[in-house]
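The values are calculated or read from the model by the stated rules, or taken from the named source; none is laboratory data. Just so it is clear, the structure is predicted and the values come from calculations on it, not from any experiment. Positions of Cβ are generated from backbone atoms using ideal geometry, with glycine treated the same way; all protein chains shown enter the neighbour counts.
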Amino acid sequence: MLIENVIGAFGEVVQIKILLLMALGVLSGLIAGAIPGFTITMAVVLTLPFTFGLSTVEGLATMIGVFVGGLSGGLMSGVLTGIPGTPSSVATTFDGFPMARKGRPGLALGIGVWSSFFGGIFSAILLMTLAPQLARIGLEFGPWDYFSLVLFALTITASLAGENLVKGLIAGALGLLVATIGEDDINGVARFNFGTDALKQGFAFLPVLVGLFAFSQLMSDVQDTKAARKPLMEKGAKAVRVEHLAAVKAIAGNWINLIRSSLIGVFTGILPAAGGSISNILAYDQAKKASKRPQDFGTGCAEGIVASESANNATAGGALITMMALGIPGDVVTAVMLGALLIHDVVPSPSFIGDQPVLAYSIFLAFFLANFLMLGTQAIALRAFLMVTRIPMYMLAGVILTYCAIGVFALHNVTFDIWTLFWFGLLGYIMRQLGFPLAPMILGVVLGGIAEVNLSRALAISDDLGLFITRPWSLFFLIIAIFSMVFPWYQKQRGRKPWTLGFLPALCLALAPPLFMMGGIPRPIVGGLLVAIGVWLLVSRHRQGWQLEPPEEHEVHLEET
Amino acid sequence: MVGAINRDTVVAVFLLLFCGVFYAASFQIEQTSYGTIGAEVWPRLILAVMFVLSSIYLFQSVRKGPDEAARHEAGFLSRYRNAILCYGLFLAFLLALDFLGMLLGGIAFVFLALSVLGERTPRQLAIHALVAVVSVGAMWAIFTFALRVILPEGEILAIW
């Protein structure tokens with residue numbers, strides 16, 4: 001079945017036109033990802049209008065190319081100048097830049113590129129094998145479970161997205177509210193149109209997204225006149241020859257680190273809303289803990305680069321697993337991808353892979369191939385990146401703003417969409433200035449409709465609200481939603497307050513009951529294991545006299561990737 | 001009392017008012033005799049959550065006290081000058097879209113935005129004009145001829 005689907009997808013994807021589009025996408029992503037101030041989200045958002053005229057497979061393959069390229073592009077500026085191109089490459093600079101300063105920039109880049117490649121391939125294989133399995137689990141979900149899953153996606157995004165959980169939750173609620181404006185999907189009644197015809201249809205997803213992310217980001221980038229007038233990078237980065245052979249040898253000696261970091265990346269990606277900005281730091285910390293020479297970290301050791309770069313590329317595969325199998329975006333970039341799928345009349349859900357296997361596997365295959373294209377186009381991207389960095393930010397901002405206007409107009413050929421872009425650009429800028437994270441808002445806009453439809457379905461089946469806590473999957477998601485809301489306090493007070501020692505054991509023990517309720521054999525076994533881990537953690541901490549451990553060096557925060 | 005108010009307090013009060021306005025507007029939503037839940041239920045549920053969160057935010061901001069850093073901040077206009085000008089120019093571009101069209105309006109917007117944000121020496125102005133014509137012209141050509149999108153023509157080009 002798997003082989004049949006892959007062969008079918010092969011015929012769809014392996015065409016000169018699609019491969020060229022993907023190569024162009026990867027190249028654009030590599031360059032955009034390398035430029036500090038530009039994010040992968042922005043690159044993917046800006047690519048979206050170009051895909052309107054393309055077929056579904058062509059459009060999605062191009063956007064996946066941008067996604068993969070963007071994740072790998074951040075390392076170029078990180079290694080050559082010490083400034084990470086995207087938050088996904090922050091940990092890469094810890095060792096990449098020192099290695100470059102020691103005279104081995106080619107090796108640092110090579111390790112980064114090949115680690116990205118292996119991390120991407122690893123996650124592509126897991127994507128092809130895990131996504132159908134997760135979709136099968138998703139078929140068990142009823143509307144109660146889906147509603148709770150959306151709630152969990154929003155709470156975890158809010159808790160990871162910034163310093164203030166309340167601001168994150170308000171942003172998420174605001175996103176849900178924006179999604180209610182216009183005609184509702186269930187009753188066909190206009191809401192909050194304030195007597196205007198223009199608002200009766202509601203806001204199109206793309207102008208809202210481009211306004212919130214791209215427009216507001218560009219305005220933030222040009223806020224400081226002096227900085228905006230300088231070239232993108234003042235620290236002159238020079239072209240270097242990538243040491244491929246030496247890099248592959250260095251990675252071969254680090255294969256356990258590579259697999260561990262890739263797994264961290266995939267599972268961070270699977271978690272709704274957690275993206276590459278988190279996984280690279282987590283993988284770096286784990287690599288340092290497991291290393292025989294932890295003192296070398298930060299001085300230019302290969303292990304640090306391998307961990308960070310393999311993890312951030314593997315995150316993309318993980319995020320796609322959740323999106324393809326459940327229709328829930330794994331991070332903000334996949335939220336955009338979900339929007340793109342909806343524009344192309346494709347609605348991911350647990351039955352999507354079974355119903356449209358060729359299209360689903362075409363997306364998987366495009367992700368797999370994009371990693372090879374990333375390797376091939378990396379040398380061209382490096383040269384292009386060095387040219388782009390000579391341009392001042394204000395020039396790019398002015399041109400891209402116009403491009404945003406043309407792009408969103410192309411969606412429905414109505415000027416109202418450019419007005420939407422303007423107002424949401426203003427809103428996004430104000431929210432940024434006031435410290436409100438935008439990721440929960442975007443997820444709120446994307447998931448608002450799904451949440452409402454499932455709430456309505458749940459209440460149509462039964463008006464018993466108790467089902468939200470008596471159904472195992474719903475209870476499972478609600479429990480992790482509660483723990484995700486406590487997570488910011490846990491992270492802040494870990495190593496300082498005794499209650500934090502009970503957080504992980506409590507999580508393990510709380511998650512076990514819904515797993516027991518699910519029945520069968522494997523899930524109760526996992527539940528039993530969680531109980532055992534929880535008890536073991538409690539006993540070992542009791543034996544140590546509830547001694548506080550020093551906190552992690554790097555705090556985990558979700559940033560716009 | 002005024003000195004005790006910080007930026008977050010103002011935002012929290014605004015959010016509470018916003019919830020109030022939208023809650024009042026939810027009574028304008030048409031009631032239907034079909035459907036499991038009325039079209040107004042879900043938005044009201046969100047507004048209730050938002051109201052509670054905004055109240056917590058207000059409480060947090062009041063407890064925090066006055067914002068010391070804000071008192072020493074540079075003037076509002078100088079800090080947000082570029083953003084205000086760009087939003088203003090974009091608004092003007094939108095208002096003039098029916099008259100100038102996407103091509104001429106876009107070129108004018110890019111040229112003015114670059115000249116406002118960058119240096120205004122004759123050489124730089126010439127570069128800004130070149131960048132505006134080439135970039136917007138190229139994008140217009142791609143969307144019009146390659147992607148076959150009919151962009152707003154404007155009254156000026158329509159006469160030609």
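Odds and ends about this structure:
- Of all residues in region A:171-221, those being under 21 Å from A:TYR429 (Cα atoms), of a type in the set (Phe, Trp, Tyr) and within 11 Å of chain B (Cβ to nearest Cβ) number 1.
- Cβ separations smaller than 9 Å between residues 6+ apart or across chains give the following pairs from region B:67-86 residues that are within 11 Å of another protein chain (Cβ to nearest Cβ) and in a helix (DSSP H, G or I) to residues that are loosely packed, with under 15 Cβ neighbours inside 10 Å and at pLDDT below 75: B:ARG79/B:GLU73.
- Residue in region B:100-119 that is loosely packed, with under 15 Cβ neighbours inside 10 Å, farther than 16 Å from A:VAL399 by Cα, more than 9 Å from chain A (Cβ to nearest Cβ) and out of contact with any strand residue (DSSP E or B) (no Cβ under 7 Å at 6 or more places or on another chain) present: no
- Test: residue in region A:435-456 that is over 27 Å from B:VAL10 (Cβ atoms) and of a type in the set (S, T, N, Q): yes
- Residue check for A:MET128: within 28 Å of A:TRP473 (Cβ to Cβ) and either assigned to a helix (DSSP H, G or I) or in contact (Cβ under 8 Å) with a residue 24 or more places away in the chain (or both): yes
- Residues of region B:25-34 satisfying the condition of being facing another protein chain (nearest Cβ under 8 Å) and either within 30 Å of B:ASN6 (Cα to Cα) or part of a loop (DSSP other than H, G, I, E, B) (or both): B:ALA25, B:ILE29, B:GLU30, B:THR32, B:TYR34
- Taking region A:138-173 as the range and being touching a Lys or Arg at 6+ places or on another chain (Cβ under 8 Å) and outside any helix (DSSP H, G or I) as the test, only A:GLY142 passes.
- Applying the condition of being polar (S, T, N, Q) and surrounded by fewer than 24 Cβ atoms within 10 Å (Cβ to Cβ) to region A:274-307 and asking which residue is nearest to A:LEU75 (Cα to Cα) yields A:THR299.
- Checking A:ALA410 against (1) at pLDDT below 90; (2) closer than 28 Å to B:PHE18 by Cα; (3) surrounded by fewer than 23 Cβ atoms within 10 Å (Cβ to Cβ), the condition it does not meet: (2)
- When B:LEU17 is tested against (1) closer than 18 Å to A:GLY175 by Cα; (2) within 10 Å of another protein chain (Cβ to nearest Cβ), just one condition goes unmet, and that condition is (2).
- Residues (more than 7 Å from chain B (Cβ to nearest Cβ) and aliphatic (A, V, I, L, M)) located in region A:413-428: A:VAL414, A:LEU421, A:LEU427
- Across region B:120-160, the number of residues qualifying as at the interface with chain A (Cβ under 8 Å from one of its Cβ atoms) and in contact (Cβ under 8 Å) with a residue 40 or more places away in the chain comes to 2.
- Residue identified as more than 26 Å from A:LEU338 (Cα to Cα) and buried (at least 16 other Cβ atoms within 10 Å of the Cβ) among A:GLY444, A:GLY502, A:GLY466, A:GLY448: A:GLY502
- Counting only helices (runs of 4 or more DSSP H) wholly contained in region A:8-112, the ones carrying 2 or more residues that are out of contact with any Ser or Thr (no Cβ under 8 Å at 6 or more places or on another chain) and within 30 Å of A:HIS412 (Cα to Cα) occupy A:16-34, A:40-47, A:56-81.
- Within region B:35-66, the set of residues being at the interface with chain A (Cβ under 7 Å from one of its Cβ atoms) and modelled with pLDDT under 80 comprises B:GLY35, B:THR36.
The rows are residues; the columns are (1) over 19 Å from B:PHE22 (Cβ atoms); (2) not small (Gly, Ala, Ser).
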residue: A:ALA135; (1), (2): yes, no
residue: A:PHE147; (1), (2): yes, yes
residue: A:LEU165; (1), (2): yes, yes
residue: A:ALA171; (1), (2): no, no
residue: A:ALA190; (1), (2): no, no
residue: A:GLN223; (1), (2): yes, yes
